[in-house]
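Inspection log for the structure reproduced underneath, given as structure tokens.
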Amino acid sequence: MSLFVIPRKVRLRLEKIQKEFLWGDMEERRKIHLVRWEVICKDKRHGGLGLRYLKDFNHALLEKWLWRFPIERENFFRRVIVGKFGEVQGGWTIREVRESYGTGLWKDIRKGWEEFFLRTRIHIGNGRRTRFWWDMWVGDSKLKDLFPLLFRIAANSSAIVADLWGRQEGGGGGWEVHFRRPFQDWELEEVNRFLGYISAVRVQEGEDFLVWKIERKGTFKVNSYYRSLKEDNSPLFPEKEVWDSYAPLRTRFFCLGSNLGENFHYRYADEEGLVYG
């Protein structure tokens with residue numbers, strides 16, 4: 001599943017096998033499915049069993065290639081893909097594929113770039129790979145979206161970060177962002193906010209690189225991407241307090257059912273041989 005988009009029929013068949021195994025279904029007897037499948041697939045912290053939606057997990061596995069693409073710049077697979085589709089400025093991903101020849105695996109992977117990129121930010125090194133207005137390198141948004149008024153009057157709206165950093169003697173430097181006209185009095189507050197916003201970042205030695213925002217170490221992980229696709233705002237299930245307690249087993253099952261909001265009465269679990277006392 002990390003190399004190809006799983007066909008819908010195959011995915012549904014695999015999910016059917018999972019369900020039959022979980023509930024003990026047989027051809028001659030279909031047992032009661034005590035909980036909806038989407039609840040079963042919830043994270044254990046939310047009272048589910050932590051089984052994965054195959055469609056989303058397949059998507060997360062494929063998107064690992066989007067992480068490898070800007071990092072493994074000398075890899076053979078990257079050279080082949082760039083030779084066929086080209087790459088965007090900075091080399092973060094391939095160009096968007098619209099032509100009829102752009103079919104297959106990489107066209108499908110490229111469709112997820114915007115969603116993937118929202119979970120990353122660019123760590124600025126020398127600023128030569130990063131577009132000042134168009135890439136996310138300071139905060140969680142593109143500067144063109146945060147400051148649309150200033151973007152419209154920017155002298156060079158396609159400039160890279162390195163172009164707008166003025167180096168000074170002694171290794172220091174500062175931002176030198178130019179605009180096509182003088183500012184109006186009512187625009188000065190926006191300008192001050194803009195300058196304060198970008199002052200948190202400085203150009204330095206080394207190459208720009210991607211950081212995975214939802215992992216503490218900043219490195220992409222399939223599981224973290226999958227979890228971000230299945231964000232759950234339901235209350236956390238106190239699994240340790242319930243399953244590690246000395247309460248009767250049928251009481252613990254009742255707590256699980258109450259947490260899930262399902263018609264999961266302990267009577268059903270008893271009938272299925274899940275409760276022993």
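No lab work stands behind these numbers, since they all come straight from the coordinates. These numbers come from a predicted model, not from an experiment. Cβ coordinates were reconstructed from backbone atoms using ideal geometry, including for glycine residues, and neighbour counts include every protein chain displayed.
Here is how the numbers come out for the structure above:
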read-out	value
Sorted by Cβ neighbour density within 10 Å, fewest at the top, the residues 108, 135	108, 135
Residue-wise HN-Hα coupling along the stretch 205-212, computed from phi with Karplus coefficients 6.51, -1.76, 1.60 (Hz; x: Gly, Pro)	6, x, 8, 5, 8, 7, 10, 7
Partner lysines for residue 217 [C-alpha distance under 24 Å; skip if fewer than 8 residues away on the same chain]	44, 64, 142, 230
Residue 176-residue 3 FRET efficiency (beta carbon distance; Förster radius 45 Å; 0.05 resolution)	0.45
Relative pair counts by distance (%), Cα atoms of the stretch 124-211, 5 Å bins	3, 13, 25, 27, 17, 10, 4, 1
Extension gain from residue 96 to residue 45, taking 0.36 nm per residue of separation minus the Cα-Cα distance	14.6 nm
Efficiency of FRET between residue 190 and residue 75 - r from beta-carbon atoms, R0 45 angstrom, step 0.05	0.55
Contact order relative to length of the stretch 124-211, as percent, for alpha carbon pairs under 8 angstrom and 6 or more apart	42 percent
Between the stretch 203-219 and the stretch 1-23, the Cα center-to-center distance that results, in Å	35 Å
Ordering of 218-227, 3-12, 139-148, 122-131 by packing [mean C-beta count within 10 Å, highest first]	122-131, 218-227, 139-148, 3-12
Within straight-line cross-link reach of residue 19, lysines at Cα separation under 17 Å, skipping those fewer than 8 residues along the same chain	9, 31, 42, 55
Only Lys, Arg (+1) and Asp, Glu (-1) charged, at Cβ; the stretch 92-208 dipole about Cα centre in debye	340 debye
For the stretch 107-115, 3J(HN,Hα) per residue [Karplus equation, 6.51 cos²θ - 1.76 cosθ + 1.60, θ = phi - 60°, Hz, x = Gly/Pro]	5, 5, 5, 5, 4, x, 4, 4, 5
Backbone HN-Hα couplings from phi across the stretch 68-81 [Karplus 6.51/-1.76/1.60, Hz, Gly and Pro as x]	6, 4, x, 8, 8, 6, 9, 5, 4, 4, 5, 4, 5, 5
